[in-house]
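These notes are about the structure you will find just below.
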Amino acid sequence: MDSLLALDKPSGLRDRQKQERERRIVKAAEKLFARKGYAEVAMEDVAARAGLAVGTIYNYFPSKSALLLAIVRRETESMLARGRKILEDPPRDPLAAVSAFTGIFLDDITRDDRRLWRELFGAAIAEPSTVGQRLFEVDVQLVLQLSSLLERYRRDGTLTSDLEPLPAATVLYGVCFTWLTAYLMNDAISAEMAGDEIRRGIAIAMRGFYPRVDGISITTGGHAP
């Protein structure tokens, strides 16, 4: 048993060192992509910023696309984890729940330099079969989480019984995506402005999701939103 533990310690240390090295590489790439632009960054630049040999970089990431996908994966894991927390214990009010959910996207994107997300979007267009496909998969996962949230409120009668959760989630995500894109492409639009417009658009869209009595949408508070 002691010999097995002795063998396990170096292995565990190597795993931690590998993970730390990967984080250093991804962080270096992220900073460079945001500052210089994806097309202008060479793997040698990433190696220099990370303080590693170029060969080491290629051992972890065979291409710049792989580095970009690693950044996308990190962002995705963060957003989906926060989405799961809302799904596990959602607020009683559907509008509050959806607002919290869409706030995840806003918080995540505005936390980083908007130039990085511009580079991600640009790379998605330039490399649709890799980066573009991955970003689309992220959108799908987020919409499915939002759809699950709406389905929960439909089942308990808070939202109208004829609600189609997936199309409804797509509409709500579209509101969010539109204003996040505007934020990324226009420096005059602040994160606060984008957030206000997202919340307003979500509230308007959700008016059609509530049961109706005499033509009036009835919310959990008993009044039209």
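Taking the listed residues Tyr58, Tyr38, the one that is closer than 26 Å to Val138 by Cβ, open to solvent by 40 Å² or more (accessible area, probe 1.4 Å) and of a type outside the set (D, E, K, R) is Tyr58, with no other qualifying. Among the criteria (1) without any contact (Cβ under 8 Å) to a residue 60 or more places away in the chain; (2) open to solvent by less than 80 Å² (accessible area, probe 1.4 Å), the one Phe209 does not fulfil is (1). Scoring Ala28 on the criteria (1) open to solvent by 40 Å² or more (accessible area, probe 1.4 Å); (2) farther than 15 Å from Trp117 by Cα; (3) of a type in the set (Gly, Ala, Ser) leaves a single failure, condition (1).
Yes/no per residue for (1) in contact with a His (Cβ under 7 Å, 6 or more places away or on another chain); (2) under 20 Å from Ala100 (Cβ atoms); (3) at pLDDT below 95:
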{"site": "Pro165", "(1), (2), (3)": "no, yes, no"}
{"site": "Thr170", "(1), (2), (3)": "no, yes, no"}
{"site": "Phe177", "(1), (2), (3)": "no, yes, yes"}
{"site": "Ile202", "(1), (2), (3)": "no, yes, no"}
{"site": "Ser217", "(1), (2), (3)": "no, no, yes"}
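Only one of the numbered conditions (1) crowded, with 17+ Cβ neighbours inside 10 Å; (2) within 18 Å of Thr130 (Cα to Cα); (3) out of contact with any Ser or Thr (no Cβ under 8 Å at 6 or more places or on another chain) is violated by Ser63, and that is (1).
If the Cβ limit is 6 Å and pairs must be 6+ apart or interchain, which residue in segment 137-153 that is over 9 Å from Leu87 (Cα atoms) pairs with which residue that is open to solvent by 40 Å² or more (accessible area, probe 1.4 Å) and in a helix (DSSP H, G or I)? Listed by first residue and then by second, the contacts come to Val143/Thr170; Ser147/Leu166.
The residue of segment 74-104 that is farthest from Ala188 (Cα to Cα), among those that are open to solvent by 50 Å² or more (accessible area, probe 1.4 Å) and in a helix (DSSP H, G or I), is Glu88.
Criterion applied to Asp108, Asp89, Asp15, Asp93 was being closer than 30 Å to Leu163 by Cα, more than 17 Å from the chain's Cα centre (by Cα) and free of Cβ contacts under 8 Å to residues at least 40 places away in the same chain, and the one residue passing it is Asp89.
The values are calculated or read from the model by the stated rules, or taken from the named source; none is laboratory data. Note that the structure is a prediction, hence the values are computed from the model and not measured. Cβ coordinates were reconstructed from backbone atoms using ideal geometry, including for glycine residues, and neighbour counts include every protein chain displayed. Surface areas here come from the heavy atoms of the whole protein model, side chains and all, with no ligands, DNA or RNA. Shrake-Rupley method; radii C 1.70, N 1.55, O 1.52, S 1.80 Å.
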